[in-house]
Amino acid sequence: MAEIALRNLSVEFGAFRAVDDVDLTVADGEFVVYLGPSGCGKTTTLRCIAGLEHATGGDILFDGRRVNGLSASERNIAMVFQFVSLYPHLTVKNNILFPLQARGVARAEMARKLDWVVGVFGIGDILGRYPASLPPGARQKVALARAVIRDPAVLLLDEPLSAIDEQFREEMRWELGHLQRELGVTTIYVTHDQREAMSLADRIVLMRDGRIVQVADPDGLFIDPVDVFAGHFIGSPSMNFIELAPVAGGLRLADGPVVLTPADGVPAWAIESRRPLKLGIRPSFVHLAEADGPGAHAIPIEDLFAVGRERFFTFRLGGAIHQGVEAIGRAPAGAARGVRFDPKGFLFFDAESGRRVKPEAAA
Amino acid sequence: MTAPIKLSLQGLEKSYRGAPALRGLDLEVADGEIFVLLGPTGAGKSSTLLATAGLVDIDAGRVLKDGVDVTDLPPGERDIAIVFEGFNLLPVLNVYDNIAFSLRSPRYREAETEIRARVGRTAELLRISHLLDRDVETLSGGEKQRVAIARALVRRPSLLLLDEPLSALDLKLREGLRAELRDIHRKHRTTMLYATHDYHGAIAIADRIGIIDAGVMHQAADIQTILERPASMLVGRLVGSPAMAFFEAAVEGEEVRIGHGGGRLLLAGFRPFDPPAGTEVTLGVWPEDILLGPAGSLAGGDGVIYAVDNRGFERAVQVEFGGQFFRKVVPSDVRFRQGDAVSFAVAPGAGYLFDAASGARVSHLARGGRP
């Protein structure tokens, strides 16, 4: 296992910069997830670390040692792809032992390693089976066991769950999170699915257009997004974004009748800000309220439905549909005709650049 | 149900090359409701929709629409529209002509002025007015799916069938289109039968949900009723987020003992409870009703945190105890880590008892012993 560092990494395909000046250090044993929409450069970055793609600029360091010139097989990486490639004519056991046999590892050492992965992965009862007879989740587990049995410097995973049927995918996600922490292997994982990233990662690297948008642990990315893209990409149901216009003593929402004032918890700096702002607020910070209750705004509720112990509702501001979620115990009993915004959830963004605006930068 | 019945499926049976897909499926959809068929892959959802539309021949059973038997009518005469996962658009036509296609068919043959008005209104509803001149091949997945829905809606079908209409789209597009579908439904009261394997997608759109598996309907009700009175263990497994937790259990006198030292509950909380003598029971509990704390803090069972699933605004944890698992959402300020020792207890008055063999609920019975 190793620490992996990228220094000013760039990959150009002709005039197109797939990866643009990326810096990142992945600690020994850390689980880092590259997240972003398709074409953002996450897979190209992974392939560079694997040695399957040439960096056109910058360095790739394994434990401080530059590996740019080494081939994939010389880097001691293990890679698992979307589509599992197990040898169909070998049993599970022989599939897993294959990388060790290929290196001429001693028999006793192989037995010891096999015991270890069988224990961690809980696959003792399928060792004699052939891959074709296994469900997809089990096949993916075997592929992972084969990948880690030879102590790779880093485990690279390229959308490993996306080809698995949705009902097995969630199971496999739980397993993968558990196994990575049991193994303690440095892991770099690529996905476009924010749920997977949030669930699995120690840190998430959010990418867009070949560049890093934000690097943070899942909580940091969720609570403190650097821009509208990050706020929108993370979280379901999605963050609500509402255009703001400054008026005397407050901020008007989406050119409508509703004005937020300091009584709603809007900070003075946001009202006095000279640049046009956009409010970002997650649905869990939007509450149902009686129209004349404290802090309530008379915004008609369009749709309201209860599920279990939560109520979901939608409302419209300036044509856009927004969403709120409320625990049922907290909601007013009668028909709600208004909305209250919890100022703890207020995030302000520059309406033009989309960058997050904080008080120190607002002046 | 006070609304008239729009669709009634009675005892549908269908096999493909000897493999049964539908095994006596019953279903009633009320006029103006969104009914969601929720079940895993291979449960029979698509077969149900295809049989309703008349696109496959059923082996047995009847399809009634507005009280009229349409079992033997060809698809074109049923006034039912269907939207698939794969868009089914005509690649040689632009967006406008795709939407207008069915209105120009011999069956409708509407005047072009009427077509223009209706395509315009439908496009506005689905926010694709700006795309009408585009070739469908140049559209994104979300745009294509909107066009496919517009094409189905434009002829104002009395029943709209949607087969996993959003599953090819990414999460954000799904959320948006789901809101649009509910919006359309509010404005037009189009009756919709919607098939999905996604619990979150189902509860976000459904008036009522039908839990389907192995070609049989297991429970059809609004989600609140399903959560309060789950008909079987299978329903518990397919509903909830996370799904229901199950514990080995035994009834001992006036108490229910939970296996692996999980504690005891009063049987009084499960009445009316009257299973046949000798029935082995399993305790099912919604995860919200399981209390979880540090080791030694609760007088129930002991377990270990097996894995943690961060969801941003909350966390779910998987707890291992005595070789079994359950999963539960905990508030985001509760920081359990993998490997932490924990204790748990089932909240008094919570949980259901199921027949361990058949899976049917045997506690909280209604009068006459029915679940």
Outside the structural domain of A:ILE212 (by TED's automatic domain parsing), in a loop (DSSP other than H, G, I, E, B) and more than 23 Å from A:SER353 (Cα to Cα), is that true of A:ALA291?
yes
Take the conditions within 28 Å of A:ARG169 (Cα to Cα) and within 14 Å of chain A (Cβ to nearest Cβ) and apply them to B:ARG174. Does it pass?
yes
Exactly one condition in (1) modelled with pLDDT under 90; (2) crowded, with 23+ Cβ neighbours inside 10 Å; (3) not aliphatic (A, V, I, L, M) is false for A:PRO225; which is it?
(1)
Scan the helices (runs of 4 or more DSSP H) fully inside region B:188-251 and keep the ones with 1 or more residues being surrounded by fewer than 24 Cβ atoms within 10 Å (Cβ to Cβ) and within 10 Å of another protein chain (Cβ to nearest Cβ).
B:199-205, B:223-228
If the requirement is being over 21 Å from A:GLU170 (Cα atoms) and within 31 Å of the chain's Cα centre (by Cα), which of these qualifies: B:LEU298, B:LEU291?
B:LEU291
Counting only residues in region B:299-313 that are more than 9 Å from chain A (Cβ to nearest Cβ) and part of a loop (DSSP other than H, G, I, E, B), the one surrounded by the fewest Cβ atoms within 10 Å (Cβ to Cβ) is identified as B:ALA299
Considering each of B:LEU37, B:LEU55, B:LEU89 in turn, give the residue that is in contact with a helix residue (DSSP H, G or I) (Cβ under 7 Å, 6 or more places away or on another chain) and in a strand (DSSP E or B).
B:LEU37
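So which strands (runs of 3 or more DSSP E) are wholly in region B:314-371 and hold at least 1 residues that are in contact (Cβ under 8 Å) with a residue 24 or more places away in the chain and surrounded by fewer than 17 Cβ atoms within 10 Å (Cβ to Cβ)?
B:324-331, B:341-346
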Considering only region A:1-114, give the strands (runs of 3 or more DSSP E) lying wholly within it that have at least 2 residues that are of a type in the set (Phe, Trp, Tyr), under 25 Å from A:LEU221 (Cβ atoms) and out of contact with any Gly (no Cβ under 7 Å at 6 or more places or on another chain).
A:31-35
Being among the hydrophobic types (A, V, I, L, M, F, W, C), surrounded by 14 or more Cβ atoms within 10 Å (Cβ to Cβ) and either out of contact with any strand residue (DSSP E or B) (no Cβ under 8 Å at 6 or more places or on another chain) or under 29 Å from A:HIS178 (Cα atoms) (or both) narrows it down to one residue among A:LEU100, A:LEU9; which is it?
A:LEU100
Only one of B:GLU33, B:GLU114, B:GLU77 is closer than 24 Å to B:ARG155 by Cα, within 14 Å of chain A (Cβ to nearest Cβ) and of a type in the set (Asp, Glu), namely B:GLU33
Filtered residues of region B:265-276 (kept if crowded, with 16+ Cβ neighbours inside 10 Å and out of contact with any Leu (no Cβ under 6 Å at 6 or more places or on another chain))
B:LEU265, B:LEU267, B:GLY269, B:PHE273, B:PRO275
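Identify, please: which residue in region A:180-208 is facing chain B (nearest Cβ under 9 Å) and closer than 23 Å to A:GLY122 by Cβ and is, among those, surrounded by the most Cβ atoms within 10 Å (Cβ to Cβ)?
From region A:180-208, those facing chain B (nearest Cβ under 9 Å) are A:181-182, A:192-195, A:198-201; that's our starting set.
Next, only the ones that are closer than 23 Å to A:GLY122 by Cβ stay: A:181-182, A:199-200.
On the way: A:ARG181: 20, A:GLU182: 15, A:SER199: 23, A:LEU200: 27.
Only one residue tops the list, namely A:LEU200.
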Among the residues of region A:223-249, write down those that are more than 17 Å from A:LYS358 (Cβ to Cβ), out of contact with any strand residue (DSSP E or B) (no Cβ under 8 Å at 6 or more places or on another chain) and either in contact (Cβ under 8 Å) with a residue 40 or more places away in the chain or not assigned by TED's automatic domain parsing to the domain that holds A:LEU347 (or both).
A:GLY235, A:SER236
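The values are calculated or read from the model by the stated rules, or taken from the named source; none is laboratory data. If you're wondering where the values come from, they're calculated on a predicted model, not measured in any experiment. Positions of Cβ are backbone-derived with ideal geometry, glycine not excepted, and every protein chain shown enters the neighbour counts.
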